[in-house]
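Peer 1: Shown below is the structure under consideration.
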Amino acid sequence: MTRTAAGRGHAVVLGAGIAGLLSARVLSGAFDGVTIVERDGDTTVGLVRRGVPQGAHLHGLLDGGRRIIEELHPGLTDELVAAGAADGEPLRDTSWYLHGRRLHATSTGLRSVLSTRPLLEQVLRARTAALPGVAFAPPATAVGLVRGPHGAVGGVRVRRATGEQTIDARLVVDASGRSSRLPAWLTTLGEPAPVEDRVDVDLAYATRLYRRRTDQLGGRLSVIVSTIPRSRGGGALAVEGDRWQVTLAGILGDAPPADAAGFTAWAATLPVPDIAELIADAEPVTDPVPFRFRGSRWRRYDRLPAPAAGVVAIGDAVCSVNPLYAQGMSLAAQQALVLREWLAAPGPLDAGSYYRALAPVCRRVWDIATRSDLALPEVDGTRPLLARVLDTYVRRVQLAAHRSPAVARAFLRVANLVDPPAALLAPAVLAAVLRPGATAPLPAARDHAGTRAR
Ligand SMILES: Cc1cc2nc3c(=O)[nH]c(=O)nc-3n(C[C@H](O)[C@H](O)[C@H](O)COP(=O)(O)OP(=O)(O)OC[C@H]3O[C@@H](n4cnc5c(N)ncnc54)[C@H](O)[C@@H]3O)c2cc1C
């Protein structure tokens with residue numbers, strides 16, 4: 001397929017999740033028309049879709065992702081806030097606990113906009129529907145690919161209750177998520193399919209919504225209790241509709257119960273009491289909902305010597321990481337920028353060059369998520385020497401972030417995918433981390449959100 005200044009033809013996006021909606025945004029300027037194929041019908045406010053069951057659970061939007069989404073859709077952050085999303089500074093308005101102690105409550109220059117996943121998707125979907133040349137097909141399930149006249153992939157087969165249909169496309173973008181069937185479809189066409197990297201953690205979530213009063217949680221907008229260093233953690237976020245979204249999380253098979261009494265009792269076993277205290281004082285508005293996540297998956301399209309022409313994958317369909325680090329939507333946003341650059345570059349649209357540009361973007365979030373998981377001896381995977389040395393340093397960074405505002409700021413900016421990991425090695429951060437006593441534990445309970453605000 002070659003690029004021409006005009007008459008680029010038609011592109012099809014499979015899936016209207018975050019990756020699909022952002023793909024449609026960058027494709028809309030580059031193709032004459034863009035059709036989004038989604039198996040679920042239109043979303044309603046607050047309704048969790050069948051195709052996105054993870055949407056019932058805490059979905060933190062990292063500031064790195066929010067900034068990209070804002071660039072692609074100026075004003076979207078304000079729209080989210082107008083729709084009821086909470087808006088704050090991550091360390092000041094959140095009690096963030098790692099290793100059972102609160103990170104220093106300093107300013108970071110980051111913005112934390114808190115909503116449920118359905119609200120974010122609803123706002124993004126409305127923006128996408130208003131883009132010139134973008135159309136949502138009537139609900140349909142993509143079931144395979146077809147070849148075009150020049151041997152490249154030239155369209156997609158879709159199925160509805162009324163039968164099957166082919167939609168022709170110069171480019172198919174697979175944004176159908178973690179359960180993407182693209183590798184199998186490529187095999188059916190006789191094209192090479194990717195190998196998959198995996199790191200299993202056997203993560204389990206349970207989530208419940210509560211009525212919110214602003215005097216709860218010491219006036220803060222959220223609390224995050226990391227599973228680092230052991231298996232149990234959780235989060236409570238102020239979300240639209242004056243509600244708390246409370247998610248409990250356990251790894252290595254340590255699953256939070258999905259019955260009301262068990263949920264409350266499990267919350268009381270976390271290393272800090274904030275979440276248990278909050279839910280003891282809040283009225284539930286839903287029952288707990290469970291979710292299982294086996295582990296991180298990276299389909300290595302970048303390793304194929306000659307990936308099929310006419311189709312590319314994006315979002316969880318390529319790289320789906322442990323959600324404890326809240327990176328998935330931001331990774332999808334970063335990938336959308338890679339797609340935009342690829343579309344804008346001169347020369348033929350070569351899928352290989354797209355995947356090569358995507359690989360370092362995936363690598364960064366993959367390393368953040370899987371290196372934390374591999375710190376647990378029970379998790380299977382290779383642990384190269386250099387990675388182990390860096391892990392030891394990152395652990396010191398996390399401990400030093402309890403006392404040092406400079407370290408806390410640097411750590412959170414990297415965790416939010418705003419600054420590169422190398423920022424943790426900046427001289428001021430290095431000096432603060434290596435200072436004697438920098439990693440000595442703070443006294444317990446000194447910093448709990450409800451008892452002592454800093
Ligand atoms: C429990 C959990 C919690 C998470 N928490 C966070 C978080 O805090 N922060 C964060 O940034 N990320 C989080 N994530 C990750 C986040 O959900 C995804 O990474 C992000 O939504 C990008 O996914 P996607 O758009 O690629 O796929 P999805 O959001 O899964 O969307 C895929 C879409 O494709 C559709 N589809 C699938 N197959 C077909 C087909 N054959 N035909 C037509 N349509 C199809 C589906 O219906 C769906 O709409 C979490 C994930 C999980 C599992």
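Peer 1: Quick check: is even one residue across the range 49-57 away from the ligand (no atom under 12 Å from the Cβ), touching a helix residue (DSSP H, G or I) at 6+ places or on another chain (Cβ under 9 Å), modelled with pLDDT under 90 and under 28 Å from GLU164 (Cα atoms)?
Peer 2: The answer is no, given that none of the residues of the range 49-57 is away from the ligand (no atom under 12 Å from the Cβ), touching a helix residue (DSSP H, G or I) at 6+ places or on another chain (Cβ under 9 Å), modelled with pLDDT under 90 and under 28 Å from GLU164 (Cα atoms).
Peer 1: Can I ask one more? Residue check: is ARG101 more than 30 Å from ALA410 (Cα to Cα), of a type in the set (Lys, Arg) and either open to solvent by 20 Å² or more (accessible area, probe 1.4 Å) or in the same structural domain as VAL223 (by TED's automatic domain parsing) (or both)?
Peer 2: No, not satisfied.
Peer 1: Tell me, yes or no, whether the range 366-386 has at least one residue that is at pLDDT 95 or above and either in contact with a strand residue (DSSP E or B) (Cβ under 6 Å, 6 or more places away or on another chain) or assigned to a helix (DSSP H, G or I) (or both).
Peer 2: The answer is yes, given that some residue of the range 366-386 is at pLDDT 95 or above and either in contact with a strand residue (DSSP E or B) (Cβ under 6 Å, 6 or more places away or on another chain) or assigned to a helix (DSSP H, G or I) (or both).
Peer 1: Here is a further query. Here are the criteria: (1) of a type in the set (A, V, I, L, M, F, W, C); (2) within 13 Å of the ligand (Cβ to nearest atom); (3) surrounded by fewer than 19 Cβ atoms within 10 Å (Cβ to Cβ). Tell me which single one ALA313 does not satisfy.
Peer 2: For ALA313, the failing item is (3).
Peer 1: Let me ask something else about it. Restricting to the range 298-310, name every residue that is on the phi < 0 side of the Ramachandran plot and surrounded by 19 or more Cβ atoms within 10 Å (Cβ to Cβ).
Peer 2: The answer is TRP298, ARG299, TYR301, ASP302, PRO307, ALA308, ALA309.
Peer 1: Then there is this: Name every residue in the range 261-297 that is loosely packed, with under 14 Cβ neighbours inside 10 Å and hydrophobic (A, V, I, L, M, F, W, C), in order of residue number.
Peer 2: The answer is ALA261, ALA265, ALA268, ALA280.
Peer 1: Quick one: which residue in LEU91, LEU80, LEU124 is part of a helix (DSSP H, G or I), within 11 Å of the ligand (Cβ to nearest atom) and open to solvent by less than 30 Å² (accessible area, probe 1.4 Å)?
Peer 2: The match here is LEU124.
Peer 1: Output the residues belonging to the range 58-77 that are more than 8 Å from the ligand (Cβ to nearest atom), part of a loop (DSSP other than H, G, I, E, B) and closer than 23 Å to GLY177 by Cβ.
Peer 2: Across the range 58-77, the qualifying residue is only HIS73.
Peer 1: Given the residues GLY295, GLY262, which is the only one that is out of contact with any Leu (no Cβ under 7 Å at 6 or more places or on another chain), farther than 18 Å from TYR325 by Cα and either of a type outside the set (A, V, I, L, M, F, W, C) or part of a loop (DSSP other than H, G, I, E, B) (or both)?
Peer 2: One residue alone meets the criteria, GLY262.
Peer 1: So which residues in the range 198-227 are in a strand (DSSP E or B), open to solvent by 10 Å² or more (accessible area, probe 1.4 Å) and away from the ligand (no atom under 16 Å from the Cβ), if there are any at all?
Peer 2: ARG211 - this is the single residue of the range 198-227 that is in a strand (DSSP E or B), open to solvent by 10 Å² or more (accessible area, probe 1.4 Å) and away from the ligand (no atom under 16 Å from the Cβ).
The values are calculated or read from the model by the stated rules, or taken from the named source; none is laboratory data. Keep in mind that what you see is a predicted model, and the values were worked out from it rather than measured. FYI the Cβ positions are ideal-geometry reconstructions off the backbone, even for glycines, and counts take in every protein chain you see. With ligands, DNA and RNA removed, areas are computed over all heavy atoms of the protein, side chains included. Shrake-Rupley method; radii C 1.70, N 1.55, O 1.52, S 1.80 Å.
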